[in-house]
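Have a look at the structure below, then the notes.
The values are calculated or read from the model by the stated rules, or taken from the named source; none is laboratory data. Keep in mind the model is a prediction, meaning the values are calculated, not measured. FYI the Cβ positions are ideal-geometry reconstructions off the backbone, even for glycines, and counts take in every protein chain you see.
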Amino acid sequence: KEKERETMFAAENGLKGDPRLEAISAAIRVVPNFPKKGIMFQDITTLLLDHKAFKHTIDIFVDRYKDMQISVVAGVEARGFMFGPSIALAIGAKFVPLRKPGKLPGKVISESYELEYGHDRLEMHVDAVKPLERVIIIDDLVATGGTLSAAISLMESQGAEVVECACVIGLPEVKGQHKLKGKPLYVLVEPSGLDEFC
Amino acid sequence: MQSIVSSYHLCLAHPPPPVLCQRLLCHRIPSIRLPSRRSTTSLGLFTCAAVSRESEMAAAAAAKEDGQDPRIPKIASSIRVIPDFPKPGIMFQDITTLLLDTEAFKDTIDIFVERYKCKGISVVAGVEARGFIFGPPIALAIGAKFVPMRKPKKLPGKVISEEYSLEYGTDKIEMHVGAVEPGERAIIIDDLIATGGTLAAAIRLLERVGVKIVECACVIELPELKGREKLGEAPLFILVTSDAA
């Protein structure tokens, strides 16, 4: 039976009352019915338009990981690319993009994961991470954890150690226990709700 | 249908609408509310004065080395060339190896930041997907916002789009309505300029909404493909040039 762990939300893990979290949450726009009816899409592009809030986001992750001897920050295409490299640069780690099939030009390893209907694949260059490297995996949002689990498998297949997965937003599914192959999950905020009159 | 209509009216009658009503009331996409421009300018005049002294010294140091920034050779050598990708005859410039070289990646960002700091640039636009890797660190360092320019149907809100030609057929790039305001000064970032089609489309998109393109910036140029000629008035800044094939 796969080990389950509590998802760590920032407000309950060292950052209680930190006003930066509220600024980050307020900067995220909710777009109803995208990509389909019933889904309240968490749009982080508005966070990227708010320089202060975007800087807070990166600063929180950098403060958490800078003394953990992390040598690799892996980011999931495409929104993981918007957060990962800034963190990597600040903590002196390599940035490794995890991409959709057919995008990476060199020799790749790939891992499939489930979608609501069907499945997709995540790829990484074979020479990107070395055995025993300490890795964090970044994405903008975690829902079921399918993509992150595939990313963890890619890292472990190369003998690297995933120290933690980190996301800006965590959907209700990950509150409480999560299954990410036993790895810790750190999340800044819960999903934003709709404004009063939109 | 009837019950939905009457619930809707009930919700309207009792502002603020209770949570249950939100799904009924909010069919439209919330518009983007930008933070005030003054509040996002985090580089004060004092900092900018200090930075220009720094840049002058860096430029003087670079000038000693035949006019080339001494960081460039290391950046160039960190880029891996993969033959015959995505198809035979193409020498693909792989920047993922640059991202694995922490010094080269830092130097790349530093060169762009030194160039664009304190120039009143409030927008860094990055083209999907490799523009997303270089753009945000530059935006954060110069106090600008980052605007992703994406393939169709990826952005969730209201968009404007611009078509451009491919070898066979056309493609589109899109930007969120309201992400930028008229009069803003922008740079556009991508990892590489080849034919210039994507960058030209990005320029057109931003200019349509009244944004001034200060410069296009890429890590790599393939000069044989003459991408520069498609950029109109917009200058192009490059770190490394390479052969296309």
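Summed over segment A:148-190, residues that are at pLDDT below 95, of a type in the set (K, R) and touching a strand residue (DSSP E or B) at 6+ places or on another chain (Cβ under 7 Å) total 0. Suppose we keep only residues that are within 13 Å of chain A (Cβ to nearest Cβ) and assigned to a loop (DSSP other than H, G, I, E, B) within segment B:160-201. Which one would you say is nearest to A:M82 (Cα to Cα)? Across segment B:160-201, the extreme among qualifying residues is B:A179.
Filtered by the rule that a residue be touching a strand residue (DSSP E or B) at 6+ places or on another chain (Cβ under 7 Å) and within 11 Å of another protein chain (Cβ to nearest Cβ), segment A:55-66 gives a lone residue, A:T57.
Per the listing A:A78, A:A93, the residue uniquely within 9 Å of chain B (Cβ to nearest Cβ), of a type in the set (G, A, S) and within 19 Å of A:V187 (Cα to Cα) is A:A78. Scanning segment A:72-88 for residues that are buried (at least 24 other Cβ atoms within 10 Å of the Cβ) and without any contact (Cβ under 8 Å) to a residue 40 or more places away in the chain, we see that the one that is nearest to B:A129 (Cα to Cα) is A:F81. Of all the criteria given as (1) in contact with a strand residue (DSSP E or B) (Cβ under 8 Å, 6 or more places away or on another chain); (2) more than 9 Å from chain B (Cβ to nearest Cβ); (3) surrounded by 18 or more Cβ atoms within 10 Å (Cβ to Cβ); (4) not charged (D, E, K, R), the one not satisfied by A:Q69 is (3).
Please pick out the residue among A:V62, A:V135, A:V126, A:V96 that is aliphatic (A, V, I, L, M), out of contact with any Leu (no Cβ under 8 Å at 6 or more places or on another chain) and closer than 27 Å to B:F85 by Cα. It is A:V126. Checked against (1) touching a residue at least 60 places away in the same chain (Cβ under 8 Å); (2) closer than 13 Å to A:L104 by Cα, B:C118 passes all but a single condition, namely (2).
Which one of the conditions (1) farther than 17 Å from A:L148 by Cβ; (2) crowded, with 18+ Cβ neighbours inside 10 Å; (3) more than 8 Å from every other protein chain (Cβ to nearest Cβ) does A:R20 fail to meet, given that it meets all the rest? Condition not satisfied by A:R20: (2). In segment A:99-122, the residue that is farthest from B:F132 (Cα to Cα) out of those that are within 11 Å of chain B (Cβ to nearest Cβ) and in contact (Cβ under 8 Å) with a residue 24 or more places away in the chain is A:K103.
Residue by residue through segment B:95-112, note down the ones that are assigned to a helix (DSSP H, G or I), within 9 Å of another protein chain (Cβ to nearest Cβ) and of a type in the set (A, V, I, L, M, F, W, C).
Taking segment B:95-112 first, the residues assigned to a helix (DSSP H, G or I) are B:96-99, B:102-112.
The next check asks that each one be within 9 Å of another protein chain (Cβ to nearest Cβ); those that pass are B:96-97, B:99, B:102, B:105-106, B:109.
Hits for segment B:95-112 are B:L99, B:F105, B:I109.
For segment A:23-54: of the residues being polar (S, T, N, Q) and more than 8 Å from every other protein chain (Cβ to nearest Cβ), which is farthest from the chain's Cα centre (by Cα)? The extreme case among them is A:S25.
Among the residues making up segment A:82-117, those that are within 17 Å of the chain's Cα centre (by Cα), closer than 20 Å to B:E128 by Cβ and small (G, A, S) are A:G84, A:S86, A:A88.
State whether one or more residues within segment B:134-152 are out of contact with any Pro (no Cβ under 6 Å at 6 or more places or on another chain), on the phi > 0 side of the Ramachandran plot, more than 8 Å from every other protein chain (Cβ to nearest Cβ) and not small (G, A, S). No, segment B:134-152 has no match at all.
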